[in-house]
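Please read the structure below before turning to the comments.
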Amino acid sequence: MAPLLLQLAVLGAALAAAALILISFVAFITASKVPHLHQHKEEKFFLNARGQKEPLPSIWDAPTKQLSVVVPSYNEEKRLPVMMDEALGYLEERQKQDPAFTYEVIVVDDGSKDQTSKVAFKYCQKHGSDKVRVITLVKNRGKGGAIRMGIFSSRGEKILMADADGATKFPDVEKLEKGLNDLQPWPDQMAIACGSRAHLEKESIAQRSYFRTLLMYGFHFLVWFLCVRGIRDTQCGFKLLTREAASQTFSSLHIERWAFDVELLYIAQFFKIPIAEIAVNWTEIEGSKLVPFWSWLQMGKDLLFIRLRYLTGAWRLEQTRKVN
């Protein structure tokens, strides 16, 4: 009996090793280089408040605003107004209190099939295109791809990623700013502050099914085991980056869909960019684009491929240089 069990164990180990080699090979040969920031002709411009085309700036230009807010939006005509009202209300009030404070909000319509761009453009008409800009992508790129497009067209010294559903209370940007400042001195002016919902985990578990809780823990384990350690909540959409950290990490980013946050932080840790994890006020908003099982399965595959592609050298990280 014992020899049979030993043979089965050896066979199982051999099959697992063969499967890992096969998956690594597939990950290697299917890997693409860092996605070139291909822009369709229509994506190189934004409409000013008068409806006239103006060329978009570049992340490589010198910053002219203190804060850029990038809002990725896909079919968000219903949820976007609530978020924009809160964000612009806060930003306008802050500017009244401190006239030296400057900002911009960039809404990136990720190939929506509804009226997201029209809804966002109304805020451009109300506040002016120096404060609110709308980038409409020709086709859907995924959340990471949409944020990348927004960041590469931003003008801020600091860049905030904020979800269109308004799940995170916008004034909590001050918490991220404090967390970012507490990381000083910043090496090469690079630092990241991540909003976190980890402190709400116990409460969220009580409201979730056992299956979704199992998926959540499985995903957290894979993130820790394969890619990022020391960050409990990699997926919160509320993140603040210095301009230099944004250009470095997003220039190296491959993943453009849901798991992009993990690769973003993996890249940041590789370059030893300081990261602060800051608790924020967060409320679950109806209308999530995540399909529980299939989205988690896709993210699990992406996590494995992130690790294998960097491990096998299919993807390499290099310090970026500023180019026009």
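Roughly how big is segment 82-222's charge dipole about its Cα centre, with Cβ charges of +1 (Lys, Arg) and -1 (Asp, Glu), in debye to the nearest 20?
Charge dipole of segment 82-222: 500 debye, to the nearest 20.
Please list 297-304, 244-251 highest first by mean number of surrounding beta-carbon atoms within 10 Å per residue.
Ranked by mean Cβ neighbours within 10 Å, highest first: 244-251, 297-304.
Tell me, what is the per residue accessible area of segment 52-161 in Å², probe radius 1.4 Å?
40 Å²
Per-residue HN-Hα couplings for segment 225-231, Karplus 6.51 cos²θ - 1.76 cosθ + 1.60 at θ = phi - 60°, whole Hz, x for Gly and Pro?
Computed from phi, the couplings for segment 225-231 are 6, 9, 10, 10, 10, x, 10 Hz.
Sequence-distant or interchain residues sharing an amide H contact under 5 Å with Glu76, placed H: which?
Here the answer is Thr116, since their amide H atoms fall under 5 Å of that of Glu76.
Order Arg148, Arg79, most accessible first, counting only protein heavy atoms with a 1.4 angstrom probe.
Result, largest first: Arg79, Arg148.
Order these peptides, 114-121, 182-189, by their mean beta-carbon neighbour count within 10 angstrom, highest first.
Packing proxy ranking, top to bottom: 114-121, 182-189.
With a 10 Å radius around each residue's Cβ, average the other Cβ atoms per peptide and rank 46-56, 82-92, highest first.
So the peptides 46-56, 82-92, ranked by packing, come out 82-92, 46-56.
Once the convex hull of the C-alpha atoms of segment 99-243 is built, how many Å³ does it hold per residue, rounded to a whole number?
Dividing the Cα hull volume of segment 99-243 by its residues yields 164 Å³.
Mind putting a number on the dipole of segment 113-160 about its Cα centre? Charges go on the C-beta only, +1 for Lys and Arg and -1 for Asp and Glu, and I need it in Debye to the nearest 20.
Magnitude of the dipole: close to 120 debye.
Hey, how many Å between the Cα centroid of segment 209-268 and the Cα centroid of segment 145-203?
13 Å
The values are calculated or read from the model by the stated rules, or taken from the named source; none is laboratory data. Given the structure is predicted, the values throughout are model-derived calculations rather than measurements. FYI the Cβ positions are ideal-geometry reconstructions off the backbone, even for glycines, and counts take in every protein chain you see. Heads up: the accessible areas ignore ligands, DNA and RNA and are worked out on the full protein's heavy atoms, side chains in. Shrake-Rupley method; radii C 1.70, N 1.55, O 1.52, S 1.80 Å.
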